[in-house]
């Protein structure tokens, strides 16, 4: 029964008899409509390769990690999809594109989807991925098969905070620098689709989609897929998701142990990303940082970073981050570019660690010598770019001497300044 006083009506019951009857009829009709258009599968139902969850008011059939990429809802065989469509638009926002969309019948892409269709012949299974933002559609339930790209990269790439093709590590400093330049912190407990959520000030980041769902990559590890957990379950393992073993020492080594104490909401502003891309290009340090970044992004997915960039790049990037920490922080563009240098340094470290040192039987000294330095186009271009930074002329003979000196170190780098060797030219 309706509580009229709580509902804000100040009318006598006898004057509301007709209204109560109308509301009751609408409620019954709405319930019947819901049962026909959004079929609810019993929660205890076991689905191979899928699990049941919810997006707002809709029950959703979600693929487990790595078991397919189509997100589904079930409706009765003879029902229309209008109610589902309306709910999805309300959840994820209506754009010119989504205003014309409707869920499409599933076309099975793997054995799990084939089994699901066979399991429910009396239902229509509809794919709802098209209602998600393009960056989310592109990455959902994929994994990159190399370490480095993390939650901060994922959140920025999905919200135009970084170029989407930059699949690389993003340090916390770079993430916060980009938040400060391109986003505004919003004081709200109710985020909007497209907002970036920052958990516990630094622990994790995700993109709010709507329907209490976020888009994220849990960690920088290569085994993590891009997933869509509930907003307050980002530290829990999704069904089928890789769980670190007892010897893993990275973040979130015990899924679910991290408690959420604070969630900050950041909304993308109107400043074009290209404006800051252009600004950092004016810095004299840009050529060498761009070279290291693009080479790392090209070689890391192919697991060839160590054989192209060499171990010397890891040591040099650390030295450069130390030596340039003050001079690059004189303006906003310099500060942003410096945080990119930190991120590139971290990506080089992660890739070399993953490729060569992840085994407990790895011989560190031997590996360091084997991949120390390669006299190649990358090395010569980097040396030339660094010498230009310090207004030093570089001819072929000078390049040859520097490469010979660096190669002769043969992994015995402790106590030596690689930057000093490059500047000295001998």
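We did not get these values from a lab; they are worked out from the coordinates using the rules stated. Computed from a predicted structure; not experimentally measured. Positions of Cβ are generated from backbone atoms using ideal geometry, with glycine treated the same way; all protein chains shown enter the neighbour counts.
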Between 279, 296, 270, which gets the highest mean-square fluctuation from a Gaussian network model of the chain, Cα cutoff 10 Å? 270
Computed E for residue 408/residue 160 - FRET, C-beta separation, R0 51 angstrom, nearest 0.05: 0.65
Kindly identify the stretch 169-326 as rounded, prolate or oblate by the Cα gyration tensor criterion: order the square roots of the eigenvalues as a ≥ b ≥ c, call it rounded if a/c is under 1.5, otherwise compare a/b with b/c, prolate if a/b is larger, else oblate. oblate
Expected sort for 231-241, 122-132 on mean C-beta neighbours within 10 Å, highest first, is 122-132, 231-241
Answer rounded, prolate or oblate for the stretch 275-424, using the Cα gyration tensor with square roots of eigenvalues a ≥ b ≥ c: rounded when a/c is under 1.5, else prolate when a/b is larger than b/c, else oblate. oblate
Here the FRET efficiency for residue 353 versus residue 44, based on Cβ atoms and R0 = 30 Å and rounded to 0.05, is 0.10
How large is the helix-only mean residue ellipticity at 222 nm for the chain, computed as the sum of -39500 (n - 2.57) over DSSP H runs with n ≥ 4, divided by its residue count, in deg cm²/dmol to the nearest 500? -12500 deg cm²/dmol
Taking only Cα atoms, what is the 0 to 90° angle, nearest 10, from helix 305-323's long axis to the longest principal axis of the chain? 80
So what is the diffusion coefficient of the stretch 50-131 in µm² per second by Stokes-Einstein at 20 °C and 1.002 mPa s, using a Kirkwood Rh over Cα pairs? 163
Using a Gaussian network for the chain with springs between C-alpha atoms less than 10 Å apart, which of these wobbles most: 114, 76, 396? 396
At a threshold of 8 angstrom on Cα-Cα distance, excluding pairs fewer than six apart, so keeping six or more, what relative contact order does the chain reach in percent? 13
Overall form of the stretch 129-235 per C-alpha gyration tensor (a/c, 1.5; a/b vs b/c): rounded
If I model the stretch 146-189 as equal point scatterers sitting on the Cα atoms and use the Debye formula, what is log10 I(q)/I(0) at q = 0.14, 0.26, 0.30, 0.31 Å⁻¹? -0.32, -0.92, -1.11, -1.16
What base-10 log of the normalised intensity I(q)/I(0) is obtained for the chain from the Debye formula, alpha carbons as equal point scatterers, at q = 0.06, 0.11 Å⁻¹? -0.35, -0.93
If I model a spin label as a point 7 Å beyond the Cα along the Cα-Cβ vector, how far apart are those points for residue 223 and residue 104 in nm? 3.5
Under 13 Å from a point 7 Å along the Cα-to-Cβ line of residue 278: which residues of the stretch 144-164 have their amide N that close? none
When the stretch 199-241 is reduced to its Cα atoms, the Kirkwood hydrodynamic radius in Å: 10.8
Output the 0 to 90 degree angle, nearest 10, between the alpha-carbon long axis of helix 332-356 and the longest principal axis computed from the alpha carbons of the chain. 90
Hey, what angle do you get for helix 286-299 against the long axis of the chain, alpha-carbon based, 0 to 90 degrees rounded to 10? 70
Taking the chain as a Gaussian network, where each spring joins two C-alpha atoms under 10 Å apart, which residue of 77, 416, 307 fluctuates the most? 416
